[in-house]
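Report on one structure; see the data block that follows.
The values are calculated or read from the model by the stated rules, or taken from the named source; none is laboratory data. Only a predicted model underlies this, so the values are computations on that prediction, with no experimental measurement involved. Here the Cβ positions follow ideal geometry from the backbone for every residue, glycine too, while neighbour counts run over all protein chains shown. Side chains included, ligands, DNA and RNA excluded: accessible areas come from the protein's heavy atoms. Shrake-Rupley method; radii C 1.70, N 1.55, O 1.52, S 1.80 Å.
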Amino acid sequence: RSVKDIKKWYTDGNALRVTVFEGGESQRVNCLMGEGIARLRASIVNFSLGMPWYKEALPMSWVQLRSDVKQLIGRGQTFMELTEWTNLAKARGLEGELLKICTGFLHDTGIVRFFGTLFDADKARAEEFYNTVFMDVGWMVSALKGLVRHDRQALQDYFSSAGDHAMLRRVNRLNATGRLHKDLLPFMWPCVDAGLKFWSSVRENNQQERDLWSAGDVVSGESDIVKAVELLEGFDLVVRQNEEYLVPAILPQGKLQVSADAYCASICTWKISKSFPKLPASFFQRMVVRVACRVSSVQFSSSSAVFYLHGNVCTASVDLGPEGQQCLNVSSSGKKILTVVKEQIDYLESFFSGLQGTVVHSVTGREPWQIAVLVLDQQTCDVFVPALKQLASNQGFTLKEYLMNSDILLTEEELKHIRVVVIALSAGFESSMEAQDVVKQIRASKAVIPVLMNSLDPALHWQSLIGGDVNWNLDLRDHTKPMSTLITESRSQLQEEEISREQTVSAERAAGVSGVLSSRTESQILTDADEMAQQKLEQQTDRLRDVLKKLLIPRVKLLLDSWRAEMISVETILNEDSDPNKVLCQCGHSFDRLELLNHVHSDAGAWSSNDESLVCPVCSKEHRIIDLVSIPEVRPCPVCVKSKHNPPGIFSVRECKLQYGEGLGGCNATLECRVCMSRGRPPQRHILDIYPPDVFVLATDVALKAANRVLQSLEAESDTVVWAGSGGTYDFIALQRSCVVLLILSDDLPLSEALKRQLGTALASGKLVIPLLDRSLWSRPFEQQGLSALLPKAGDEASAPSLLAMQRYKPVLLSFTSEDGGASAVQRLSALVSSRIHRAVNLRVFSDMPMLGVSLSGLK
């Protein structure tokens with residue numbers, strides 16, 4: 001072919017496709033009798049003859065470049081940077097379009113692998129990640145092998161014997177949830193310094209692993225690890241999300257955990273369903289990876305996923321059709337995120353040549369309003385809304401304004417389609433009870449941003465009018481003056497200038513200096529004032545736009561990205577059986593945990609050695625009391641317990657803990673109860689209904705950031721789940737169901753009414769509240785006088801006695817910034833926490849704390 005023909009062939013998209021032999025259909029062959037062999041051989045020959053590059057006359061420069069690649073591989077080079085590749089090709093006379101076509105040929109024929117702009121539809125993504133040409137096929141296979149092999153037993157054995165509980169949890173989380181922590185990367189391939197001890201141990205003691213890596217080291221430094229990850233990203237096997245890489249391909253079939261709101265069909269009104277005879281094994285997993293790098297959040301399982309993008313949710317699942325075909329069902333709350341998912345499905349359909357899905361169902365729905373602006377009057381609307389609407393449009397956000405003094409009411413159905421509410425507080429709000437009621441109603445279910453407008457009285461305590469304090473507000477009083485105010489100011493300014501000028505001329509005349517006075521008439525002043533006011537309005541609009549762009553839009557984006565659909569919880573169908581202070585028998589009968597504790601737990605906090613038992617009055621089964629109050633390895637499905645189905649569905653406590661990860665709470669996953677599924681009930685159970693967090697942390701953002709390492713170490717070393725309250729959707733439920741509350745004292749804590757209300761709730765419910773005191777954060781005395789600042793402003797006298805009782809617990813003194821990072825306090829913390837959650841304390845787990853970089857055995 002000519003270069004022109006080859007260029008046209010690539011332009012038509014052929015380089016993105018994979019040709020499947022015989023369309024994926026099998027051929028019958030009798031290996032004993034030889035039947036079908038001739039037909040199979042003829043089919044393979046015909047298939048080979050029809051391949052795009054078969055018997056093509058290649059330019060000599062292409063052959064020479066291919067030879068250069070083989071020589072470099074022979075010298076031990078596995079990859080090269082793109083700039084190095086272009087220089088190598090330039091020496092053979094290949095540049096520009098010819099270089100692109102030649103690189104495509106070498107990519108298609110397996111000589112090199114390059115995932116640059118030529119092979120990826122998203123140029124922005126390609127330029128960000130792919131700037132490497134991979135050459136050595138053996139090295140690429142080893143890079144893939146380190147990720148996709150499913151035997152992680154050697155890693156588990158190593159971290160278990162080393163007492164590294166944080167890394168052990170990360171390995172278990174990888175196996176259970178398909179999330180690879182970045183600190184595990186050196187342990188995927190031999191061998192860099194970080195994983196040297198592990199690989200030395202493996203090669204010495206593990207025959208299976210030694211045989212697997214008999215070819216030698218795969219990576220020799222951090223740069224090689226970066227390139228290995230880049231290769232995996234190029235193959236759509238991994239995508240980074242914060243501190244972890246999502247790896248859907250390693251999840252075995254049957255892993256069904258996914259975000260709870262994936263099943264919230266009431267807001268997912270956009271739907272599309274495509275039917276395929278059979279999906280390739282990697283189709284769904286690649287789709288998850290490709291969509292994940294284009295959205296803000298993702299949860300996935302082996303056959304379902306939920307994606308979030310700026311306040312919109314989209315769910316995708318592979319289900320079996322009535323005639324045995326596979327159906328890819330996609331539902332979303334908005335068109336934009338649906339388009340993102342559909343584009344990746346179309347891309348993968350074009351990649352797998354011959355794979356053509358049939359649209360069997362398609363429904364369009366209503367687009368949600370990502371931003372709703374509530375204003376009290378039209379004048380405020382004219383000043384504020386146009387600038388915000390322009391900026392929202394630039395970000396791709398939908399916006400709608402509502403007048404609070406009009407007849408338009410925000411119904412429950414209307415609120416379903418609103419994500420973030422911006423409230424423009426202006427003059428008259430304090431006297432409008434209707435407007436205040438609307439705001440209080442919205443605050444119960446929506447993220448609210450109060451914006452203070454120019455006409456608002458500076459002395460007004462507006463927080464009480466909207467139902468309490470808020471985490472964030474924006475003061476725009478200097479940037480939202482209405483036109484009438486600007487005209488008045490301009491007239492006053494001109495009149496003052498006129499008076500000043502007259503006084504200056506009079507003074508000059510009195511001094512014998514000749515001065516000329518040309519006074520402006522009143523009409524001239526009015527005209528000039530209008531022009532001046534217009535200029536001021538334009539300047540104010542520019543300043544307003546800058547403030548909104550720098551402050552309000554990032555806040556809106558943050559709230560949109562943290563938005564989650566309404567949780568489908570079992571709260572509505574459970575009664576007292578869901579009480580965390582109840583201990584469940586498998587028959588459904590519940591025992592009172594506190595009464596049981598009186599038998600086995602002394603006042604000193606030690607476990608009793610007695611072996612008392614009791615008999616369940618319903619099923620007559622005998623239980624050891626110590627077994628009832630200790631945390632079991634499994635948890636029953638609360639709906640099965642409520643329905644008195646015996647045996648109930650059960651969930652692994654270990655897997656529940658792994659779902660939480662290392663984010664200190666905020667988990668929104670569900671697990672599926674197979675018993676409920678078999679009985680035709682909705683099987684999804686939110687993790688908070690199965691295994692709520694053991695520890696809830698009350699702290700301001702500053703204090704939480706300082707204590708982050710200590711809390712993560714506490715979680716890993718004592719094998720607990722720690723949830724740090726951040727104002728999220730599920731904080732209240734997590735606080736209610738936790739056993740212990742850690743209160744990180746800081747000087748800015750008394751400023752947060754929300755945190756003080758949560759503290760009052762914890763104290764009133766009898767939870768153990770452990771104060772953590774770092775003198776760099778808290779300068780007050782630890783006594784009633786100092787603690788009284790933590791009482792809510794409204795006057796919660798009921799919690800005052802509990803606040804006094806909190807002084808009985810000596811605060812855990814620690815320094816988050818010390819050399820040991822607070823490790824010396826973690827042991828005491830862990831003992832207190834373990835005692836309260838009814839678990840015997842095993843001090844052996846505190847022998848090493850690698851997350852803090854210290855060994856407790858060496859501490860004095």
task = Please specify each residue of the stretch 336-351 satisfying the condition of being open to solvent by less than 30 Å² (accessible area, probe 1.4 Å) and either over 24 Å from VAL306 (Cβ atoms) or hydrophobic (A, V, I, L, M, F, W, C) (or both).
result = ILE337, LEU338, VAL340, VAL341, ILE345, LEU348
ask   = What is the number of the single condition among (1) without any contact (Cβ under 8 Å) to a residue 24 or more places away in the chain; (2) touching a Leu at 6+ places or on another chain (Cβ under 9 Å) that ARG737 does not meet?
value = (1)
ask   = If you check every pair at least six apart or on different chains, which have Cβ atoms under 9 Å apart with a residue in the stretch 44-64 that is free of Cβ contacts under 8 Å to residues at least 60 places away in the same chain and in a loop (DSSP other than H, G, I, E, B) first and a residue that is of a type outside the set (Ser, Thr, Tyr) and open to solvent by 80 Å² or more (accessible area, probe 1.4 Å) second?
value = LYS55/LEU49; GLU56/ARG1; ALA57/ARG1
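Could you tell me whether the stretch 405-418 includes any residue that is buried (at least 20 other Cβ atoms within 10 Å of the Cβ), within 30 Å of the chain's Cα centre (by Cα) and closer than 15 Å to LEU374 by Cα? Please lay out each step first, then the result.
To start, the set of residues in the stretch 405-418 that are buried (at least 20 other Cβ atoms within 10 Å of the Cβ) comprises 418.
Add one more test, that the residue is within 30 Å of the chain's Cα centre (by Cα), and what stays is 418.
Adding the requirement that they be closer than 15 Å to LEU374 by Cα leaves 418.
Yes: the stretch 405-418 contains one or more residues that are buried (at least 20 other Cβ atoms within 10 Å of the Cβ), within 30 Å of the chain's Cα centre (by Cα) and closer than 15 Å to LEU374 by Cα.
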key: Given (1) surrounded by 15 or more Cβ atoms within 10 Å (Cβ to Cβ); (2) farther than 21 Å from LEU755 by Cβ, index of the condition ARG443 fails   = (2)
message = Is it the case, given these coordinates, that PHE284 is under 15 Å from GLU343 (Cβ atoms) and modelled with pLDDT of 90 or more?
response = no
ask   = If you take the residues of the stretch 542-594 that are polar (S, T, N, Q) and closer than 30 Å to LEU309 by Cβ, which of them is modelled with the lowest pLDDT?
value = THR572
task = Identify the residue in the stretch 191-218 that is over 18 Å from ARG152 (Cβ atoms) and among the hydrophobic types (A, V, I, L, M, F, W, C) and, among all such residues, is modelled with the lowest pLDDT.
result = ALA215
message = Suppose we filter VAL448, VAL422, VAL438 for residues that are open to solvent by 20 Å² or more (accessible area, probe 1.4 Å), assigned to a strand (DSSP E or B) and within 30 Å of THR700 (Cα to Cα); which single one remains?
response = VAL448
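State whether the residues of the stretch 34-50 include one that is within 30 Å of VAL219 (Cα to Cα) and loosely packed, with under 11 Cβ neighbours inside 10 Å. Lay out the reasoning, then the answer.
The first filter runs over the stretch 34-50 and keeps only residues within 30 Å of VAL219 (Cα to Cα), leaving none.
No, because not a single residue in the stretch 34-50 is within 30 Å of VAL219 (Cα to Cα) and loosely packed, with under 11 Cβ neighbours inside 10 Å.
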note = By residue number, the members of the stretch 470-517 that are under 44 Å from the mean Cα position of the chain (by Cα) and either more than 30 Å from ILE553 (Cα to Cα) or at pLDDT 80 or above (or both) are ASN473, LEU474, ASP475, LEU476, ARG477, ASP478, HIS479, THR480, LYS481, PRO482, MET483
